[in-house]
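Worksheet: the structure to be examined is printed underneath.
The values are calculated or read from the model by the stated rules, or taken from the named source; none is laboratory data. Keep in mind the model is a prediction, meaning the values are calculated, not measured. Because the Cβ atoms are built from the backbone with ideal geometry, glycine has one as well, and the counts that use them run over all protein chains shown. Side chains are part of the model used for accessible areas, which takes the heavy atoms of the whole protein and leaves out ligands, DNA and RNA. Shrake-Rupley method; radii C 1.70, N 1.55, O 1.52, S 1.80 Å.
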Amino acid sequence: MAKPIIAIVGRPNVGKSTLFNKLIGERRAIVEDTPGVTRDRIYGEGEWCGREFVVIDTGGIEPKTDDIILKQMRTQAQIAIDTADAIIFMCDIHAGLVADDRDIAVMLKKSGKPVVLAVNKVDKVGQVPFEFYEFYELGFDKDPIALSSIHGSGSGDLLDAIFEELPKQEGEDEEDDSIKVAVIGKPNAGKSSIINKILGEERLIVSNIAGTTRDAIDTKVECEYGNYTFIDTAGIRRKSKVEEVIEKYSVLRAHTAVERADVCLIMIDAKEGITEQDEHIAGIAHEAGKACIVVVNKWDLIEKDNDTFNDFTKKIYNALSYMTYAPILFVSALTGQRIQKLFEMINYVNEQSKLRISTGMLNDMLNDATARVQPPSDKGKHLKIYYMTQASVAPPTFVIFANSIELFHFSYQRYIENCIRETFGFRGTPIKIIIRERGDK
């Protein structure tokens, strides 16, 4: 389920960054009493009443300005508005209702997005000053929320109002039994071309200009192999090279696409080989606990000999040493080489990520593993492993109860993970192992 995206917009210096920090529970945005401090959009995650969300902190909007930096801030705020599922529009009760607030209100109404108006700096709890009521003139459907972003009062009412505007998460995707497949990679790795080949039509814009796909696009596919939703994402660049504001917006969409996915296809350009940026992108999917397939595209353009396949495979696994569980498929979006094989592999790794092993079978494997390689000890104290159980799937998560977390070294955890894979498979999916000391809840 995609997390809803909430953008905080308003004039400079109305308290947007302070509210952002409150909502995500950490001091990430720079908070300073100077207009224009937040010149970029900053992303963070929060939770309210069991629902997670992504919040965007934007630079202040000054609708009518010739200042270059303020113009860029306005452009970025507009992109944040376009990206968001709902918008918090912040005003300042000390400044009162000003002309720029009215202009921003018009801009927000044109967006068609749900908007909740927050009147900030109402610092006396339960005492709403008379000036508060002039903000009703802006003409939004919902009543304004009195807020103090410094003290946090009113933020709960604000989030309640926002989530009333958003569709309910419960059961939202119940009827959709398709496998969600996120296609991720650097710009121009062939992500859109792969989906077009699968569809047999030019559904997505395909060009050799990096950054053509600026949003996540969902494409439904029904075929003999099953039902799929392919999520084509904008190419993820290095953060240091993300100069265009739209590129930063694309990175956020790629992250949310990975969260929604069951399976991630990590696209690598065979002509370029695996790069540091490919490692970063693969890490996003790995950290999210998603089943993964490394898809090497443009394989038809590579001159081959008897060692080419093995050498390329070895280079990929050397670079992606943390995810040697991921199968590699060499394809060509241009010729269609091995495209049908892709469906079989998607089905396989999706099933592997949802595999559940009984506690009895797990402990038989564990007893065998500890008999072959004795658990570590330190200063006469021996690690004792009592039992193991599977807590969840996608990714497969195992809880091991032992007498000491400290003695359970990372190397031995990795050994146990390798034994799990040798015995039960779990090809294509990361595995999570949680160690609990006996007596821990």
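Those residues that are of a type in the set (Ser, Thr, Tyr) and part of a helix (DSSP H, G or I), I need them from the stretch 408-435; list them, please.
As a first pass, look at the stretch 408-435 and keep what is of a type in the set (Ser, Thr, Tyr): 411-412, 415, 423, 429.
Correct list: SER411, TYR412, TYR415, THR423.
Looking for something within 30 Å of VAL295 (Cα to Cα) and at pLDDT 95 or above - is there at least one such residue anywhere in the stretch 398-405? Lay out the reasoning, then the answer.
Of all residues in the stretch 398-405, those within 30 Å of VAL295 (Cα to Cα) come to 398.
Checking which are at pLDDT 95 or above leaves us with 398.
Checked the stretch 398-405: at least one residue is within 30 Å of VAL295 (Cα to Cα) and at pLDDT 95 or above.
Could you give me the residue pairs with C-beta distances under 8 Å whose first residue belongs to the stretch 349-371 and is farther than 21 Å from HIS286 by Cα, whose second residue is part of a helix (DSSP H, G or I) and open to solvent by 20 Å² or more (accessible area, probe 1.4 Å) wherever it lies, and which are 6+ apart or on separate chains?
ILE357/PHE424; MET361/PHE424; MET365/THR423; MET365/PHE424; ALA369/TYR415
Being closer than 15 Å to PHE401 by Cβ and among the small types (Gly, Ala, Ser) is the filter here; which residues of the stretch 413-440 pass it?
Step one: filter the stretch 413-440 for residues closer than 15 Å to PHE401 by Cβ, giving 413, 416, 433-440.
Within the stretch 413-440, GLY439 is the sole residue that qualifies.
Take PRO395 and decide whether it is over 30 Å from ARG260 (Cβ atoms), outside any helix (DSSP H, G or I) and touching a residue at least 12 places away in the same chain (Cβ under 8 Å).
Numbers: over 30 Å from ARG260 (Cβ atoms): no; outside any helix (DSSP H, G or I): yes; touching a residue at least 12 places away in the same chain (Cβ under 8 Å): yes.
No: the conditions fail for PRO395.
State which residue is surrounded by the fewest Cβ atoms within 10 Å (Cβ to Cβ) when the search covers only the stretch 375-392 and only residues that are among the polar types (S, T, N, Q) and in contact (Cβ under 8 Å) with a residue 24 or more places away in the chain.
Step one: list which residues in the stretch 375-392 are among the polar types (S, T, N, Q), which gives 377, 389-390, 392.
Keeping just the survivors that are in contact (Cβ under 8 Å) with a residue 24 or more places away in the chain gives 377, 389-390.
On the way: SER377: 12, THR389: 14, GLN390: 18.
Selected residue: SER377.
What is the one condition in (1) of a type outside the set (Phe, Trp, Tyr); (2) more than 24 Å from ALA288 (Cα to Cα); (3) out of contact with any Ser or Thr (no Cβ under 7 Å at 6 or more places or on another chain) that ILE385 does not satisfy?
Only one criterion in (1) of a type outside the set (Phe, Trp, Tyr); (2) more than 24 Å from ALA288 (Cα to Cα); (3) out of contact with any Ser or Thr (no Cβ under 7 Å at 6 or more places or on another chain) is unmet by ILE385, namely (3).
Does ALA402 count as over 21 Å from MET323 (Cβ atoms) and in contact with a Lys or Arg (Cβ under 9 Å, 6 or more places away or on another chain)? Lay out the reasoning, then the answer.
On the way: over 21 Å from MET323 (Cβ atoms): yes; in contact with a Lys or Arg (Cβ under 9 Å, 6 or more places away or on another chain): yes.
It is true that ALA402 is over 21 Å from MET323 (Cβ atoms) and in contact with a Lys or Arg (Cβ under 9 Å, 6 or more places away or on another chain).
Name the single residue that is farthest from the chain's Cα centre (by Cα) among those in the stretch 393-416 being over 21 Å from ASP378 (Cβ atoms) and open to solvent by 10 Å² or more (accessible area, probe 1.4 Å).
VAL399
For the subset of the stretch 95-142 comprising residues that are touching a strand residue (DSSP E or B) at 6+ places or on another chain (Cβ under 9 Å), touching a residue at least 60 places away in the same chain (Cβ under 8 Å) and outside any helix (DSSP H, G or I), which member is farthest from LEU158 (Cα to Cα)?
Restricting to residues being touching a strand residue (DSSP E or B) at 6+ places or on another chain (Cβ under 9 Å), touching a residue at least 60 places away in the same chain (Cβ under 8 Å) and outside any helix (DSSP H, G or I), the top hit is VAL98.
Can we say ASP177 is in a loop (DSSP other than H, G, I, E, B) and modelled with pLDDT of 80 or more? Outline the logic, then answer.
Numbers: in a loop (DSSP other than H, G, I, E, B): yes; modelled with pLDDT of 80 or more: yes.
Taking the combined requirement at face value, the residue satisfies it.
I need the full set of residues from the stretch 105-150 which are more than 29 Å from the chain's Cα centre (by Cα) and β-branched (Val, Ile, Thr), in order please.
Correct list: VAL106, VAL119, VAL122, VAL125, VAL128, ILE145.
When you scan the stretch 352-392, how many residues do you find that are under 35 Å from the mean Cα position of the chain (by Cα) and basic (Lys, Arg)?
Adding up the residues that qualify gives 2.
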